[in-house]
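Student: First the structure, which I've put down as C-alpha cells, then a few questions once you've had a look.
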Amino acid sequence: MLKIQNKTIQFIFASPPYHNTRMYSDYTSYGRYLKKMFSILKQCNRILEDGRFIIINVSPVITKRPGQEFESVRYPIHFDFHKILEKADFYFIDEIIWIKPEYTVPNRIAGYLQTGMPLPYKPNCVPESLLVYRKKTPFLLDENIKCYSRMLANAVEDTDTSNCWYISPKTDKDHPAVFPEKLCEKVLKYYSFSGDVVLDPFAGSGTFGRVAKKMKRIPVLCEANDKYIKNWKKKIMMTFEKEIIDNAVSKLIRGDDYRDEVVNAINVSFLDFAVDFFKKIVTAKIKENNADLA
Ligand SMILES: C[S@@+](CC[C@H](N)C(=O)[O-])C[C@H]1O[C@@H](n2cnc3c(N)ncnc32)[C@H](O)[C@@H]1O
C-alpha cells in the first residue's frame, strides 16, 4: 500500500483479520492488533481521494479459552474500529448491518436451551457490521458528486432502503473468509461510480476485485499471503477464458469481427500469469520432469 500515490483511490472496502480468529493472524495482543490496523487505516486515509468513503466489515470475536476454568474473552472489534477510524481522520456516516441466515452461523444458544437458566444466555450472532466512514474533508459531498455525469446514476429499482442487508455468507475452498459477491456488488453500487479506482487492502480470495472489474471499476488489491495472490492469477485466467468465449461467440453469431475481444482482454495480470505458466513448463522440460502448475 505504501507504493500507492496520495489521493488516487475513490473507494475502499475492507474486511480486516478479526484479531486472531483465523490462521492468517497471529497478534501477540489485542492492543498490537489494533495498532497494526490503525497504521493501515492511516495509509488508507492518505491514498483515498478527499471526501470519499471507506467501509470496514467487522464483527465482535471471541478468543478460545485455554481451559474450562478460564473465562473466554469477547472483543467488540467494531467499537474499537470506530476509535481508530476517527484517529485516522475518517468520520462516521452509517452502520449497515449484514444479516446472515441463522443456520449458517456457529450455534451458541444450545447450552441455554438445555437448562433455561438466565445469565449464560448466548444468542446466535447473525449480523456483521459494515462501518461506513468518510475521509475528513473541508467540503460537502456535493463537490464529489459533481465530478460525475448524471448518466452514471444507478437505476433506483431494487434499492436497499434500510440499513439491514440479508445476504448468505459464501464459502470457498481456498480461503476461510470470503466476501459474498452480492455484498461487494451492493457497496460498489452505492459508494462508487463506474470508472473509479477501488481498493481492497485485505483482498484474500480477490472476490472484491473480480466483482469490481465486472462492474467496470478499476480494482487495486493488497494481500499479505502469496498463496492467495497465486489463486487470483488462476481465477483471472478462468474469467479471461469465460469473457472471451461469451463475447467472441456472440460477435461470431452476429457475423462481427471477434478478434479484438482476445486482444483487448490481454492485460498485465494475464501476461504475468502467462509468463509464470510458461516459465514452469520450460523449467520442467529442461529438468525432464512434470511441471507443478498449482
Ligand atoms: C478477513 S480476510 C479478507 C477476505 C476477503 N474479504 C475475501 O473476500 O476473500 C483478511 C485477509 O487479510 C490478509 N492480511 C492479514 N494481514 C494483512 C496485512 N497486514 N496486509 C495485507 N493483507 C493482510 C489475510 O491474509 C487475509 O487473506
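Derivation of every value follows stated rules applied to the coordinates shown; laboratory data play no part. Since the model is a prediction, treat every value here as computed from it, not as a measurement. FYI the Cβ positions are ideal-geometry reconstructions off the backbone, even for glycines, and counts take in every protein chain you see.
Student: What residue among Ile218, Ile40, Ile281 shows peak mean-square fluctuation when the chain is described by a Gaussian network model with Cα springs under 10 Å?
Tutor: Residue with maximal mean-square fluctuation among Ile218, Ile40, Ile281: Ile281.
Student: Run the helix sum for the chain: -39,500 (n - 2.57) per DSSP H stretch of 4+ residues, divided by residue count, reported at 222 nm to the nearest 500 deg cm²/dmol.
Tutor: The per-residue figure over the chain is -12500 deg cm²/dmol.
Student: R0 = 30 Å: FRET efficiency of Glu181 with Val282, Cβ-based, nearest 0.05? It would help to have the intermediate numbers written out before the result.
Tutor: Working: r = 36 Å, r/R0 = 1.20.
Using R0 = 30 Å, I get an efficiency of 0.25.
Student: Next question, about the same structure. Please compute, for the alpha-carbon atoms of the stretch 9-224, the extent along each of the three principal axes and give them in descending order in Å.
Tutor: Principal extents (Cα only, largest first): 60, 38, 33 Å.
Student: Take the residue pairs Lys36/Lys214; Lys35/Lys64; Lys235/Lys285; Lys146/Lys230 and return only those whose Cα atoms are more than 29 Å apart. Let's see the in-between values first.
Tutor: On the way: Lys36/Lys214 32 Å; Lys35/Lys64 22 Å; Lys235/Lys285 25 Å; Lys146/Lys230 39 Å.
Those over the limit are Lys36/Lys214; Lys146/Lys230.
Student: Subtracting the Cα-Cα distance from 0.36 nm times the residue separation, let me have the gained length for Tyr27 to Glu86 in nm, one decimal.
Tutor: Numbers: separation 59, 0.36 × 59 = 21.24 nm, distance 2.24 nm.
Here the segment from Tyr27 to Glu86 would lengthen by 19.0 nm.
Student: Which listed residue (Asn107, Tyr191, Ala155) has the Cα farthest towards the positive end of the charge dipole for the chain, taking +1 on Lys and Arg C-beta and -1 on Asp and Glu C-beta about the Cα centre?
Tutor: About the Cα centre, the residue reaching furthest to the positive side is Asn107.
Student: Can you compute the charge dipole magnitude of the chain about its Cα centre, using +1 on each Lys and Arg Cβ and -1 on each Asp and Glu Cβ, nothing else charged? Give it in debye, rounded to the nearest 20.
Tutor: Numbers: 45 positive and 36 negative charges, 139 e Å.
Charge dipole of the chain: 660 debye, to the nearest 20.
Student: Of the residues Asn231, Asn247, Asn57, which exhibits the maximal mean-square fluctuation in a Gaussian network model of the chain defined by a 10 Å Cα contact cut-off?
Tutor: In this elastic network of the chain, the residue with the biggest mean-square fluctuation among Asn231, Asn247, Asn57 is Asn247.
Student: Specify the longest stretch of the chain that does not include any exposed loop site, a site being one of the GluC sites (Glu not before Pro) with a non-H, G, I, E, B DSSP assignment and at most 13 other Cβ atoms within 10 Å. Don't jump to the answer; show the numbers that get you there.
Tutor: Details: sites that count: Glu69, Glu71, Glu157, Glu288.
Longest stretch, sites excluded: 158-287.
Student: Name the residue from Met215, Pro127, Pro201 whose Cα lies farthest towards the positive end of the charge dipole of the chain, charges +1 on Cβ of Lys and Arg and -1 on Cβ of Asp and Glu.
Tutor: Pro201
Student: Given R₀ = 30 Å, FRET efficiency for Thr137-Ser39 by Cβ-Cβ distance, to 0.05?
Tutor: Details: r = 21 Å, r/R0 = 0.71.
E(calc), rounded to 0.05, equals 0.90.
Student: Another question, if that's okay. Which of Pro120, Pro76, Pro169 moves most in a GNM of the chain, Cα contacts under 10 Å?
Tutor: In the Gaussian network model the winner is Pro120.
Student: Roughly speaking, what is the stretch gain from Val105 to Cys125, that is 0.36 nm per residue apart minus the C-alpha to C-alpha distance, in nm to one decimal?
Tutor: Numbers: separation 20, 0.36 × 20 = 7.20 nm, distance 0.68 nm.
Result: 6.5 nm gained on full extension.
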